[in-house]
1. Which residue pairs have Cβ atoms closer than 9 Å, lie 6 or more positions apart in sequence or on different chains, and pair a first residue in region 181-198 that is at pLDDT 90 or above and of a type in the set (Lys, Arg) with a second residue that is surrounded by 14 or more Cβ atoms within 10 Å (Cβ to Cβ) and part of a helix (DSSP H, G or I)?
2. Kindly indicate the residue of region 58-108 that is at pLDDT below 70 and outside any helix (DSSP H, G or I) and also surrounded by the most Cβ atoms within 10 Å (Cβ to Cβ) among those meeting that condition.
3. Does ILE141 satisfy the condition of being in contact with a His (Cβ under 8 Å, 6 or more places away or on another chain) and either crowded, with 19+ Cβ neighbours inside 10 Å or in contact (Cβ under 8 Å) with a residue 24 or more places away in the chain (or both)?
Amino acid sequence: MKSPVLDGSKIIWPFFGALRLPADKAYDMIKLTDEILSGISFFVPGNDGKPSYRRCGMNAKEYLYQAYLMELQVQSKLQQIEALRSAAEGLNRCIAAERVTHSKNVTVMQDTVQKIMEAEAELNGEIDRLVDLKREIRGTIGQVKNVVYRLILEKRHLSFLKWDQIACDLGYTERWCQIRYREALRVVQGLLEKEEEG
């Protein structure tokens with residue numbers, strides 16, 4: 001499930017289309033949705049006591065795919081912050097143009113600036129989690145002994161390349177790369193199962 005995207009004064013929901021809301025209400029809706037979605041992807045303590053993004057019942061592909069999903073979340077947060085900044089700039093122009101009492105607009109502006117700061121703090125946390133997750137996935141991929149398998153996994157799950165680009169980089173057909181990828185996933189699955197047992 002994708003997070004909604006703020007576009008001006010509308011929230012674009014993946015399944016419901018656009019919904020018009022004032023910028024502050026839109027931010028609250030996005031924050032609530034992100035809180036719900038963040039419960040879907042969580043980390044648990046690993047065998048060494050450090051946080052691990054491995055969940056019980058998660059196969060190798062799902063485990064590796066987490067980095068891509070988290071990358072999308074970071075991009076979504078960046079778009080949300082940009083939308084809030086645009087709304088703040090529009091509000092700032094209104095305040096500057098208005099010569100009569102504008103204490104209500106100043107309060108709204110302060111609220112918007114506060115929300116931007118909160119969103120940026122959340123974004124920094126998301127980026128930290130993404131870096132930790134990529135480090136963990138890189139370590140898992142690093143345990144794969146076959147160099148070709150490692151390259152394909154890194155290009156697919158750390159660089160987020162499409163199959164045509166991976167095939168071009170390696171000088172093979174997409175089909176050949178996908179077959180090696182499936183073999184590599186079986187190796188990673190074995191590593192994850194071994195880690196769970198140990």
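1. ARG186/ALA60
2. Selected residue: HIS102.
3. So ILE141 passes the test.
The values are calculated or read from the model by the stated rules, or taken from the named source; none is laboratory data. These numbers come from a predicted model, not from an experiment. We place every Cβ from the backbone using ideal geometry, glycine too, and count neighbours over all the protein chains shown.
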